[in-house]
Structures are given as structure tokens and as C-alpha cells.
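Have a look at the structure below, then the notes.
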């Protein structure tokens, strides 16, 4: 049996990089990014290029009823496959790496296996999930349909901005709807992805060993006070909802900073009834609380709303709030996390465990099958942007880890 | 010579109240307020009613080149007159007392003098200033033209929302432009007005002895940070402008509360670039700082912007600001303030000194002539609203003070 390090050695940095750049030409944007919106012609053209590469590598390509693409290399046995992948669709002004690295990294693993002349016990499947970005409709649709979190019939009736259903859009594509079984079982799912955050770059670490998808809860909070003239109204007699909301925001920021791995984001604020010389009537903002552990989110929620009640009492305002989204953490199984960590260390790459702050198809899949993720650095933490960048060396490091983890799992 | 208290005794509560209610019928609104927008037919109808009452009381009525109305009762000598007044125009959904009480209170003083059969040394003039409200164009236009703060020619070319100039609007009115000299000298100016704030009601005090118009400076402040994804971006690496702005607002609120008589108002906030799961790019808000003393405003300004710079440094954001308005305090002369205070106390009314937080014609006039103001309570501090209310007893208390102060000044 070939040693683990040997497989990684068959990974070709130049071939990987050339494939990434070639894919980026489909829907290339003026400032060096890509525009391959899900369900678009560019999406279909990207699928066709990927399929042609897969067929050249000896894989059989199929799609399921929602257009998720599967490229299969047979194993010595017909057991449940190892599935590796991500997505080829992009934001309207997206980058060249988000999703693409995971799909083409999977293809590079297969090409490395081919070059090494290796058969594996298990089959390996490279997957391209439909509409991960959610720049139209909702994010991670394809993997949600795959796991049953989103009903296929419902997903197929969703209307795109041009008025077509996803069904008719997929039916117009060369690589649209096919006969691959929705939700076909797998042994394990692996996804290589750019971090889309600044941590690895900031710490000078090559590989993020992802412990799971962070959970989040999102709220809409409104303080209501009373309009009052800036001049005649003494401070002590005011009921100023913008001051209340500001105090709540300062508290929420400090709360997020006080707990390791927590995030608290207040990204919108709308003030009504005020003017430069009138105290406002109402201030509404959103709060997004994230943490890898569900109890930590619940604790933050409790602390925050207790503080809101205190603030309302002190400022003589009223506060109302509602939860508008709730996505529990999706922890990955420790054996998979440990395997990725050991392989990474064995290859000599610096690494750290980290939760994924953003949602990924892997988070959907992890609710049904064992799952692992590998992160590589994002320059400046920038993503969903034409300026998104991960160097050739950083990309290939991720693929080498992916290759050796895959090879281990393919023979387990 | 008739004693001071005798004049106040000739003030008729019923006559005053009936006049206020009759004026409120012109432009009466569904919810018990009045709509006599400056330059409108209702404004002119209000002027005609006022002029007819003045003529019945033996006054000669004239207007100046900007439509300010003057109703004169001769004195024993032809020296500079005592001028008493305010304005009869209203907000679109204005109340029955704002401005009206000062004009009709002045008329009631003349009626009381008539009933008492008293001549005075000085002439007395009741004034109705044009467009105090500024619900169209700018506030306190008539008194600004009178003092030269606003050039007459410029004011006459201003365009109303219906496209007419103020000149053509005034020329279409019965009581529009006339020959009374603009800026005619006066011995002293007195204005009785509702407080438009909650202090007198809150403290159970009958009369506010106004020490002057509060000054204000107004600023636009913008913090700029960096958009970032709520999930992948750790708290420590964020540059969150909404958190910076919230900290600045909390500071400004505490600053206003820490200084007696100060006001700090942050009535608007606009956040851009953010979303429920994206840190915003920019947060902009307005700040209005008020205090009766100019150095106190300058000190608040210095403290606030020093704090903004500290916040920007700590939050890794940048801050920009500009002053968008600067109106210095308009203190009234101590002898007039003391006289009003002594007369009020002599009449047995509870009273307190207070600065006027809102602007008034009296603030304009005070830049040229000695000026005093008398406040009576506003129910709930509500003004510029159909629900505006001051009781008959509260109104008449103000007019009795006005009458006795006027009588003193008329014979000085």
C-alpha cells in the first residue's frame, strides 16, 4: 500500500492552479472575479467544463433531481462512497476560490490517484452542489434538498428573479436535472474551502481544521420612546430610543468580545420620528449571535435581553424583540476532525482548530453523514468579492491535506 | 398712578379665552388644532380678525414691507414704544396657543388698559411677526427681516412650495405688505409664550421667567469601518462603525446629562453597507448641543470630539465631522429678567428662571433691543401638535404678569 505522504506528492500545484484559472474565465468579471450565478448560463457552462474534466479523468458524471452533480470513480467494492466537493456557483461579483477550490481540489485528488495508479476500496465521488451562494433564493439549496431539510418539490417551484421556476431553469441546462438518487448514502463527506475570514492569515497558520459549523440566532430589536424637541426638553425628561439602542449595541459588542469564539453582529439600524432637532420615536436594529456551542448562544441571548430590559427601565423606553432566524451549531465528529488534524501535522503544515463562522454545504450534510472540513487562508479575510485571493501554495497545501485524508478514508 | 396689581385685575380671563378660541376657528383642524400656514389664506384671515379686534380697541394697524403687523396705542409722549407680541401663523397641524397667546395676550393688555381708562407715557404696539413657524421656508423670518439678520430683498424673493415668491404671496393678502418702517426702534420687547417643554408642568410652577434663548451647535458625524461577514470575522479583527457611533451617542447623552441646563440630541442615524449578517461600512448621525452659555457649548464640543477620536482609535474606525448649524445664545438683559421675576412674585405666582430651548422671535429682537419673555406651562410639554394645551387659568396668569410688566415699562 502506498504511504499517505506519497498521495499528497502526486497532487500537482500547476494543474490545480490552471484549472482554477480556467474555471474563473467562465463569467469572468472586469476586476478579476467571476459571475456564475446559480441557474444561469454561466453556471451551466462551468458545469460543462467540470464534467469534461471529470470524464477525461475517467469519472462517470450524473446529476440528481435538483441538479447536484456527482462525478464517480469506482472503488474495489461497491460500498458507500467518500464524497468530496463544494460548489461552482458564485456571487454576482464573486471571487475565483469560494467553492471552486473545494470542487477542483476534489478533482485534483482523483487526478493524483490516477497518476499514482491507485485503486481504492471505496468509490470516491466529487460533488458540485446547486446554488450554494443563495445570491438568488436561499443559500445551500442543493445540499438542503439532498438531506431533505428542503423538500425537493418545494425547491423546484421556487421562482427566480426572471420569473422562471428553478425546475424550468434546471431543465434548460445541459447539466440540470438527472437521475442520480436524491440523498444517496455516503461514508463520509469532505469539503475544502477558503476561510472567508482573517484568522489564518492573521496568525500565519496554513490549515484550519474545522470543528463544525458555528450556530447562530438572529433577532430584530426595537426600542420605542417619545419624540421631543431638542431645545425645550430637559435630558432627565426624555425617552430617547436611539440612546437605548446605542447602549444595547455597546453591550452586545462587549458581550461578543467577552466569550471566546463568540460573535455578536449589529449590522443594521433604522431610526424613525427623529430629526436633527427632535428626539427619535423608535430605533430598530438587528442582532446576530454566533457560537460553536448552543448553550453559549442561549446564555448570550439571556444576558443580552436582560440588559435590554434594564436599559428600557432606566431610559423610560419600551423594548420589543423577536427571533428571526435560528440555526443550531453543526459540530463535526471528533474522529474526522482528529484525522484531518493528524494528517495536516504529518504533512508538516501549521494548523489550528477553528469553527466555521459561515454556513457551508458541509453543515447541511453533517446533519446526516460524518463530515469534515479543511480551511485555507483568505487574503485580508475578503470573500464574496472580486478581490478574493488565496495563493497557489496555500491552495495546494489544502489539496494535499484533502488528498491524504481522502486516501485514508477510501481504504477504511 | 394706578398700582401695578390693579392693571392685572383688569385682565379678563373670559375675554382672553374667547379670543383664543375664536382665532383657533380660522383654519380649525379635525383634532382641535389650527392650520394657518404663513402666507396662506388662513394666515390672512387670522390677520383680518386680529386687525378688526385691534381697531375695535382703538389701535391703528399697519404692516411693514414683509407683512409684520403693528397695532399701536398712542402714549402721552411720542417716544419709542413698548412692543408686545408673537405670531399668529401655525404649523400645518399646529395647536391653538403657540404664538397666538403672545399676540392675543398683548391685545388683552391693551383692552385692560382701556377698561381701566389708563393712558401711558409710552406708546404700546402689539406685533404679529410674519412666518415664525417656518413650516414653509425658514423659521422666524419676519423678525429676522425686522432686525436685518435677513435682507428684505432676499426674503421677498424666497419661493414658496406653490412656486410664488413671498412678495407675491404677501401682495395677494389683505394684511400683506405695507408702509410701516422695517426695523422701527422700540424701547423694549416682551413676548408671552407657551413653554413647549415639560419643565413648568413637571415642577408645578406657574410662570417661567426666561433668561434668554439657548444657543446651539449642530454637527454631522460619520464613523467609517469595514464591511465584514458576521460569521468568519472574529470580534477582535472588526472595524465596526455602528459600534463606534453607538459609543459616541452614549457618551454624548451622558455629557448632556452631566451639565446643568445642557441638552445633547442625537435624533437621526443612517447605517450603510451592513445587513443582518454583515458588519456595516458606515454609520452617520447628527448631534445637536445646546446650552444658555456659549463657553459651555464649546466645552461640550471639545469633550465630545476628543471622545470620538479615542473611540475611532480603539475601534480601528475613522471619524469625520462637520458643523452644520451654529446659533449663539441670546441672553436677555438682567434688568428685564428681574422686573418680570419681581412682578410675578408680587402677583403671587410661583416662578422659576429658565432658558428658552426653542427659538423665538424674541431671540432675534434681543440682538438689537432689550427683550424679555414669559413662559406658561404646556400640557405634557407637547407643541407643534393639535393636542397642544394650556389651561385658561395658566394663560391668564401669563397675561396678568405681562400686563403688570408692560404697565411698569410703559411709564418708565
State the extension gain, in nm to one decimal, for the chain segment bounded by residue A:60 and residue A:323, taking 0.36 nm per residue of separation less the distance between their alpha-carbons. 90.2 nm
Please give the helix A:100-116 orientation as an angle from the longest Cα principal axis of chain A, in degrees from 0 to 90, rounded to the nearest 10. 20 degrees
According to the square roots a ≥ b ≥ c of the eigenvalues of the Cα gyration tensor, what is the shape class of the range B:1-151, taking rounded for a/c under 1.5, prolate for a/b larger than b/c otherwise, and oblate for the remainder? oblate
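Suppose R0 equals 25 Å; then what is the FRET efficiency for residue A:314 and residue B:345 from their Cβ-Cβ distance, rounded to the nearest 0.05?
Values: r = 37 Å, r/R0 = 1.49.
The formula returns an efficiency of 0.10 here.
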Under a plain spin-label model, where a point goes 7 Å from the Cα along Cα-to-Cβ, how far apart in nm are residue B:370 and residue B:165? 3.9 nm
So if I take the centroid of the Cα atoms in the range B:297-334 and the same for the range B:353-412, what is the distance between those two points in Å? 31 Å
Gap in Å between the Cα centre of the range A:205-258 and the Cα centre of the range A:1-77? 44 Å
Rg/Rh (Cα only; Kirkwood hydrodynamic radius) as it applies to chain B: 1.05
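Hey, what number do you get for the protein assembly as shown at 222 nm if only DSSP H runs of n ≥ 4 count, each worth -39500 (n - 2.57), divided across all residues, to the nearest 500? It would help to have the intermediate numbers written out before the result.
Details: 26 runs with 307 residues, N = 824.
Value at 222 nm, helices only: -11500 deg cm²/dmol.
How high is the relative contact order of chain A, in percent, counting Cα pairs under 8 Å that sit 6 or more residues apart?
The normalised contact order for chain A reaches 24 percent.
Let me confirm one metric for peptide A:194-202, namely the mean number of other chain beta-carbon atoms within 10 Å of its residues' beta-carbons. Provide the component values of the computation, followed by the final result.
Numbers: counts 1, 1, 4, 7, 7, 5, 0, 1, 3.
Per residue, the number of nearby Cβ atoms from other chains is 3 on average.
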Can you compute the modelled spin-label distance between residue A:149 and residue A:31, with each label point 7 Å from Cα toward Cβ, in nm? 3.0 nm
Cα gyration tensor shape for the range B:260-390, rounded if a/c is under 1.5, else prolate or oblate: prolate
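Relative contact order of the range A:352-412, please, whole-number percent, based on alpha carbon pairs below 8 angstrom and at least 6 residues apart. Display every interim value, and only then the final one.
Values: 22 pairs, mean separation 14.1, N = 61.
Once divided by the residue count of the range A:352-412, the mean separation gives 23 percent.
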Mind checking B:222-228 for the average number of partner chain beta-carbons within 10 Å of each residue's beta-carbon? 2
With Cα springs under 10 Å, the Gaussian network model of chain B assigns the largest mean-square fluctuation among B:153, B:121, B:361 to B:153
Distances in nm between the label point of residue B:15 (7 Å along Cα→Cβ) and its equivalents in the other copies, shortest first, are 10.7
As I understand it, the value is the acute angle between the Cα axis of helix A:334-346 and the longest principal axis of the Cα atoms of chain A; what does it come to in degrees, rounded to 10? 70 degrees
Across the identical copies, how the residue B:178 labels are spaced - nm, sorted shortest first, 7 Å along Cα→Cβ: 9.3
Please report the projected area of the range A:17-66's Cα convex hull averaged over all directions, in nm². 4.0 nm²
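Calculate, for residue A:352 and residue B:237, the FRET efficiency according to 1/(1 + (r/R0)^6) with r their C-beta to C-beta distance and R0 22 Å; round to the nearest 0.05. Intermediate values should be presented prior to the final figure.
On the way: r = 15 Å, r/R0 = 0.68.
Efficiency computed from Cβ-Cβ geometry: 0.90.
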Computed over the Cα atoms, what is the radius of gyration of the range B:215-327 divided by 2.2 N^0.38 Å, N being its residue count? 1.12
If you take each beta carbon of peptide B:252-265 and count the beta carbons of other chains within 10 angstrom, what is the mean? 4
Using the per-residue mean of other Cβ atoms lying within 10 Å as a proxy for protection, in what order, highest first, do the peptides B:346-355, B:97-106 fall? B:97-106, B:346-355
Just the Cα atoms of the range A:139-209, one point each, no solvent: what log10 I(q)/I(0) does Debye give at q = 0.18, 0.20, 0.24, 0.27 Å⁻¹? -0.84, -0.92, -1.11, -1.28
Give me log10 I(q)/I(0) at q = 0.07, 0.10 Å⁻¹ for the protein assembly as shown, Debye formula, one equal scatterer per alpha-carbon, no solvent. -0.66, -0.95
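Checking the a/c ratio against 1.5 first, then a/b against b/c, what shape does the Cα gyration tensor give for the range B:320-412?
On the way: a/c = 2.40, a/b = 1.28, b/c = 1.88.
Verdict is oblate for the range B:320-412.
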In degrees rounded to 10, the 0-90 angle between helix B:41-56 Cα long axis and the longest Cα principal axis of chain B is 30 degrees
Kindly put B:205, A:110 in sequence by how many other C-beta atoms sit within 10 Å of each C-beta, fewest to most. B:205, A:110
Which residue in B is nearest the B/A rotation axis when you measure from the C-beta atom, and what is the distance in Å? B:246, 2
Residue A:74-residue A:18 FRET efficiency (beta carbon distance; Förster radius 41 Å; 0.05 resolution): 0.95
So between residue A:172 and residue A:116, what do we pick up on full extension, going 0.36 nm a residue minus the alpha carbon distance? 16.3 nm
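The numbers here are math on the coordinates, done by the rules we state, and not lab data. In this text, all values refer to a predicted model and were calculated from it rather than measured experimentally. Cβ coordinates were reconstructed from backbone atoms using ideal geometry, including for glycine residues, and neighbour counts include every protein chain displayed.
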